[in-house]
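The values are calculated or read from the model by the stated rules, or taken from the named source; none is laboratory data. Just so it is clear, the structure is predicted and the values come from calculations on it, not from any experiment. Here Cβ is always computed from backbone atoms with ideal geometry, including for glycine, and neighbour counts include all displayed protein chains.
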């Protein structure tokens with residue numbers, strides 16, 4: 001009980017203190033870290049061996065009917081990119097099989113196209129364990145696409161874990177939105 | 001018998017006063033069982049300094065939960081040498097220990113700082129040092145004095161002059177920061193528009209390994225804190241994450257997915273000589289070296305749920321270490337190698353827990369929140385972790401006996417992924 005009262009008092013004191021203007025703290029010369037690295041993706045980044053993004057756009061094989069990019073055509077199933085999962089599961093539900101088949105076929109027919117499958121999880125639990133769970137979801141879709149004939153060299157499965165949530169709420173709807181794979185083509 | 005509430009309130013006020021300028025604010029919850037009563041007399045001459053050294057020393061000691069402050073004011077003359085100490089005064093005030101000393105300006109902007117720690121009942125000197133430092137080094141000197149007092153009176157090394165690292169998220173911007181253990185002097189070492197996770201200090205405190213998503217996938221880097229030079233440790237197809245240093249600083253354990261599921265590999269700090277360590281079809285992640293370098297503890301779901309295992313550093317059979325509950329993750333060895341902290345899910349809560357490796361006995365250190373990423377202070381007495389208050393990420397710390405808790409908050413943004421640096425060996 002005393003602890004509870006104390007916490008309330010402390011919280012009040014801290015709140016009262018929160019308006020104190022900040023000043024720059026004393027620096028200790030020999031321990032001041034050097035200037036920070038600014039990690040802008042386009043700037044001074046060591047060239048990674050596997051590049052998820054390149055500047056040149058993917059040129060889709062033009063069809064006589066429509067020269068439009070089928071990946072961007074809202075009427076084309078290839079414009080659908082997200083596969084959702086149940087809690088603690090990497091099982092791909094049947095409803096996503098047409099979508100996955102379409103992307104596998106597209107990759108087979110467009111040997112210059114490369115796709116990354118990005119696995120995501122909801123925010124509950126360890127960040128590193130969630131990264132591994134997101135990888136498992138990405139691998140599940142990658143494996144299915146490979147079985148459907150997509151060349152492995154054109155595919156990479158990576159995980160964002162819980163780090164890039166699409167929905168930021170702390171409710172079941174948001175969590176469900178974040179248990180997801182996204183298919184992203186190189187150049188997008 | 002002193003009123004415990006008043007004592008704590010006094011401590012809290014001291015802390016607030018001392019931390020008003022901190023970027024990370026610290027709030028104490030609870031207190032140790034047997035706090036050592038210590039009187040810290042103002043250093044002769046310190047009122048001319050930009051900040052009083054004794055305020056920093058007091059705040060450090062009180063924050064540990066192992067000390068209580070005895071009033072050192074209201075005397076006709078403040079002692080600065082042993083022969084000036086009137087022991088009956090300090091005995092009457094209930095002090096077991098008394099710190100006295102002085103600060104004197106030297107030429108060239110230098111200061112001579114002297115302190116002595118006295119045993120009041122025995123009327124003896126316990127320890128004494130003097131330092132010649134610049135104005136910029138006075139804060140570090142105060143922490144070093146607090147470390148010396150802590151070590152003399154508790155028998156454990158002090159960690160007040162160590163540093164911590166953590167990630168601050170403000171909107172879409174991520175900053176890996178390094179600050180003193182009391183939250184002062186926070187400096188960004190990496191700024192990115194993509195997430196940064198899993199920072200890990202090299203054993204010499206000169207570099208930090210971390211995972212950055214700035215190339216739209218997780219890649220492991222090592223960055224020097226002095227030169228900002230950065231090297232890629234692991235950037236293979238798939239995800240690269242969870243760096244952990246070997247105690248000699250030569251190798252890292254990392255988690256890669258290039259050969260299938262998340263597996264643990266060893267790699268030299270320059271990225272060469274990659275060796276696969278685990279061979280399961282399950283998730284093996286969050287490796288951490290034992291302090292003697294002989295073992296690696298890690299999280300695996302090979303048994304159906306995530307649990308903590310231990311394996312020899314050169315590979316071989318893994319032994320399961322956790323058995324209670326269906327979610328035990330994020331293990332980190334204590335500095336003495338006899339126990340480890342981890343996160344255990346209990347219902348909707350994620351708690352910091354401590355397990356003794358030989359007896360397998362588990363003690364919950366926290367029981368009320370959503371806690372993540374625990375790591376030990378280098379003296380093994382405090383566990384730093386990430387927590388949540390009203391949906392916002394904060395840092396918190398709990399003493400390894402579970403008695404004292406602290407909260408570190410920043411004014412803006414989410415704080416997460418803390419790691420406590422090694423004891424500074426640069427002086």
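How about the range B:302-402: which strands (runs of 3 or more DSSP E) wholly inside it have at least 3 residues that are closer than 21 Å to residue B:158 by Cβ and touching a strand residue (DSSP E or B) at 6+ places or on another chain (Cβ under 8 Å)?
Details: elements: B:307-312, B:328-333, B:339-346, B:349-356, B:362-364, B:372-376, B:382-389, B:392-399.
In the range B:302-402, the matching strands (runs of 3 or more DSSP E) lie at B:372-376, B:382-389, B:392-399.
Which ones in the range B:211-237 are touching a strand residue (DSSP E or B) at 6+ places or on another chain (Cβ under 8 Å) and over 16 Å from residue B:271 (Cβ atoms)? Please lay out each step first, then the result.
Just the residues of the range B:211-237 that are touching a strand residue (DSSP E or B) at 6+ places or on another chain (Cβ under 8 Å), to begin with: B:211-214, B:216-225, B:228-237.
The answer is B:213, B:214, B:216, B:217, B:225, B:228.
Does the range A:179-187 contain at least one residue that is more than 24 Å from residue A:77 (Cβ to Cβ), within 12 Å of chain B (Cβ to nearest Cβ) and in contact (Cβ under 8 Å) with a residue 24 or more places away in the chain? Full working, then the answer.
Narrowing the range A:179-187 to residues more than 24 Å from residue A:77 (Cβ to Cβ): none.
No: the range A:179-187 contains no residue that is more than 24 Å from residue A:77 (Cβ to Cβ), within 12 Å of chain B (Cβ to nearest Cβ) and in contact (Cβ under 8 Å) with a residue 24 or more places away in the chain.
When only residues in the range B:228-250 that are within 22 Å of residue B:186 (Cβ to Cβ) and in a loop (DSSP other than H, G, I, E, B) count, which is farthest from the other protein chains (Cβ to nearest Cβ)?
Out of the qualifying residues, it is B:229.
Name the residue, out of B:196, B:208, B:145, B:149, that is touching a residue at least 12 places away in the same chain (Cβ under 8 Å), in contact with a strand residue (DSSP E or B) (Cβ under 7 Å, 6 or more places away or on another chain), buried (at least 24 other Cβ atoms within 10 Å of the Cβ) and within 16 Å of residue B:420 (Cα to Cα).
Numbers: B:196 fails: within 16 Å of residue B:420 (Cα to Cα); B:145 fails: within 16 Å of residue B:420 (Cα to Cα); B:149 fails: within 16 Å of residue B:420 (Cα to Cα).
It is B:208.
Is it fair to say residue B:111 is crowded, with 18+ Cβ neighbours inside 10 Å, outside the structural domain of residue B:404 (by TED's automatic domain parsing) and over 27 Å from residue B:183 (Cβ atoms)? Walk me through how you get there before you give the answer.
Values: crowded, with 18+ Cβ neighbours inside 10 Å: yes; outside the structural domain of residue B:404 (by TED's automatic domain parsing): yes; over 27 Å from residue B:183 (Cβ atoms): no.
No.
With (1) surrounded by 18 or more Cβ atoms within 10 Å (Cβ to Cβ); (2) in contact (Cβ under 8 Å) with a residue 40 or more places away in the chain; (3) touching a helix residue (DSSP H, G or I) at 6+ places or on another chain (Cβ under 9 Å) as the list, and residue B:105 as the residue in question, which single condition is left unmet?
(1)
Being within 30 Å of residue B:287 (Cβ to Cβ) and not in a helix (DSSP H, G or I) is the requirement here; does residue A:159 meet it?
Working: within 30 Å of residue B:287 (Cβ to Cβ): yes; not in a helix (DSSP H, G or I): yes.
Spelling it out, residue A:159 is indeed within 30 Å of residue B:287 (Cβ to Cβ) and not in a helix (DSSP H, G or I).
Out of the residues in the range A:125-156 that are part of a loop (DSSP other than H, G, I, E, B) and touching a helix residue (DSSP H, G or I) at 6+ places or on another chain (Cβ under 7 Å), which is surrounded by the most Cβ atoms within 10 Å (Cβ to Cβ)?
Quick first cut of the range A:125-156, residues part of a loop (DSSP other than H, G, I, E, B) only: A:125-126, A:148-151.
Now narrow it down to the ones that are touching a helix residue (DSSP H, G or I) at 6+ places or on another chain (Cβ under 7 Å): A:148-151.
Working: A:148: 16, A:149: 12, A:150: 23, A:151: 14.
Residue satisfying both the conditions and the ranking: A:150.
Can you name the residue in the range B:289-335 that is within 19 Å of residue B:380 (Cβ to Cβ) and loosely packed, with under 15 Cβ neighbours inside 10 Å and, of all such residues, is farthest from the chain's Cα centre (by Cα)?
B:294
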